[in-house]
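Before any comments, here is the structure.
Each value in this text was obtained by applying a stated rule to the coordinates, not by laboratory testing. Computed from a predicted structure; not experimentally measured. As a convention, Cβ positions derive from the backbone with ideal geometry for all residues, glycine included, and neighbour counts pool all protein chains shown.
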Amino acid sequence: MLLALIASLALFVLDSRFNYFASVRVTLATVLYPVQVVAALPSDLSNWTSEFFQDREQLRNRNNKLESMQLLSSMRLQKLQALERENMRLRELLGSSFRLTERVLVAELLTIDLDPSFQQVVVNKGKKDGVFIGQSALDANGVMGQVTEVYPFSSRIVLLTDPSHGIPIQINRNGLRAVATGRGLAMPLQLEHLPHNVDIREGDLLVTSGLGGRFPVGYPVGTVKSVHFPKGRAFAEIAIEPAAHLSTSRELLLVLPTERLVNTSRSEVSVEQADDAE
């Protein structure tokens, strides 16, 4: 036992001082390496599998987050585009109101009557805002129609294209007066009871004549789209393209009685404001 201990100490001193068994250690390490690899394989495999699924889960979460962010960005972009279009419409609408001699109330469409026999819309201004029956309604381009029913918080407007609606007009070029009536959805207006010798041409601008007391004088109604003089008929067939964008306008102007205002609400535009803007 003592001899073994002495031999061990001698070998330890030889190896530590003179590196006597370096080649033996290299040989043993080379021989034992495959065994070490096989012994460590289950642990390495477990760690690799755990990291793989963890990275995969992180990647999936990251993709889901990026998809959500992209969807949110797309929604915000669409909303921004919608707000931009709405801003352009409002600017056009206000630009139109500055050209009017009357004060106006800006209203927004709530619902549209889908019955093809009736061309009517409902707006978000009513009796509390001073809306009254017979009030003229316009968009940024021309006359849309007039108010037929008034409720406390909303109003119903009949459009020019409604078959029951007629509006007194005059040809801007020569002052000739007539009545333009609606013919239904997506149909042009028509002029009633004009003889074959009438002085009217394609492209003539029609404006409100002011007769009847409902529509103020000089608002654009439409332009002459076609003129036909059918044989055997007493009157000409004249089609009118409305000036207002009846199918696309979302905001419109309700014309209030003509008077100068000093104090106006947020939804009203007065002549004083127009003069200041100019």
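Odds and ends about this structure:
- In this label model, LEU205 and LEU90 are separated by 2.8 nm, measuring between points 7 Å along each Cα→Cβ vector.
- Under the simplified labelling scheme, the LYS128-ARG233 pair shows an inter-label distance of 4.9 nm, with each label point 7 Å from Cα along Cα→Cβ.
- The ASN64 and GLU108 beta-carbon pair, evaluated with R₀ = 41 Å, returns a calculated FRET efficiency of approximately 0.60.
- With coordinates expressed along the principal axes, the C-alpha atoms belonging to the range 100-258 extend over 52, 34, 23 Å, beginning with the largest.
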